[in-house]
Amino acid sequence: MELFEDLHQSHPGVFDRLLARSLTGLGARLGDLQRQEEAAAALQKAVRLYRGLELGRPGALRPELASRLHDLGALLGDLDRFDEALAATAEAVELRRVLSSEQPETCGPDLAASLRQLSDHLRRCGRSTAALAASDEALRLLTPFFVRHPADFQSPRHACVVSYLAAAGEAGVEVDPELPAPIAESLGAGGRRAERAVKGKSFSSRPHVYCRSSSSGSRPSL
């Protein structure tokens with residue numbers, strides 16, 4: 001890490017991507033060690049670097065910036081820094097909307113994950129109506145992927161169901177009767193189990209990332 005920081009100082013801009021990736025890895029390791037504040041600081045540095053890189057090459061590193069913002073939002077939420085978590089996750093949602101519009105099959109699940117996380121943060125900030133809208137969108141977006149590949153998307157779909165039920169409960173509204181059949185079924189049989197899981201759960205675990213930058217190799221097929 002010190003080597004990359006020295007290179008960053010002596011050659012501004014040249015090694016920024018390597019330093020950003022190293023900071024991301026450092027943040028993950030610190031998180032595993034329960035050193036959450038230090039992990040958040042490392043991720044914030046990585047985000048700043050990715051923002052600068054994105055400005056220099058618009059679009060080239062958008063997936064990586066979006067992923068780091070999503071991770072940062074999850075970590076800040078774990079630290080109860082909900083306003084900051086909300087801002088980071090909202091930015092990740094906006095970036096992933098662009099990516100999903102360009103590559104819906106590969107980037108749609110990532111957008112759903114960020115929308116679900118956004119819903120959780122909105123709910124904790126007392127914005128239950130906005131939280132319900134975000135979780136509703138996440139659930140609708142993810143369900144076609146679950147229908148085609150249930151084993152791959154069982155866990156993220158469950159998290160979306162939990163978020164939807166929690167937001168609906170806090171907003172004081174009934175489940176939308178016009179939800180597509182696969183969603184309605186999940187809110188019925190599986191939803192009752194998910195509803196019991198809402199209490200005391202944050203569901204802020206980092207999901208698998210499907211959308212990659214063009215320079216990171218081939219994308220997994222869904």
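Note on ARG51 and VAL98: their simple-model spin labels are 1.4 nm apart, each label 7 Å out from Cα toward Cβ. Here the 3J(HN,Hα) profile of region 123-138, calculated from phi with Karplus coefficients 6.51, -1.76 and 1.60 at θ = phi - 60°, is 5, 6, 8, x, 9, 5, 5, 5, 4, 5, 4, 5, 6, 4, 5, 4 Hz, Gly and Pro shown as x. Sequence-ordered 3J(HN,Hα) estimates for region 56-62 from the Karplus curve with 6.51, -1.76 and 1.60 and θ = phi - 60° stand at x, 9, x, x, 5, 10, 4 Hz, glycine and proline given as x.
Once fully extended, how much extra length lies between HIS149 and CYS125, figured as 0.36 nm per residue of separation less the alpha-carbon to alpha-carbon distance?
5.3 nm
Computed 3J(HN,Hα) for region 98-105, one whole-Hz value per residue from the Karplus formula 6.51 cos²θ - 1.76 cosθ + 1.60 where θ = phi - 60°, is 4, 5, 5, 5, 8, 9, x, 6, glycine and proline marked x.
Segment GLU38..ASP83, full-extension length gain: 14.4 nm, with 0.36 nm per residue of separation and the alpha-carbon distance subtracted.
Can you sort ARG123, ARG21, ARG29 from fewest to most other Cβ atoms within 10 Å of each residue's own Cβ?
ARG29, ARG21, ARG123
Bear in mind these aren't lab numbers, they're just calculated from the coordinates by the rules spelled out. Everything quoted here is computed from the prediction, not taken from an experiment. Every residue, glycine as well, gets a Cβ built from its backbone with ideal geometry; the counts of neighbours run over all protein chains shown.
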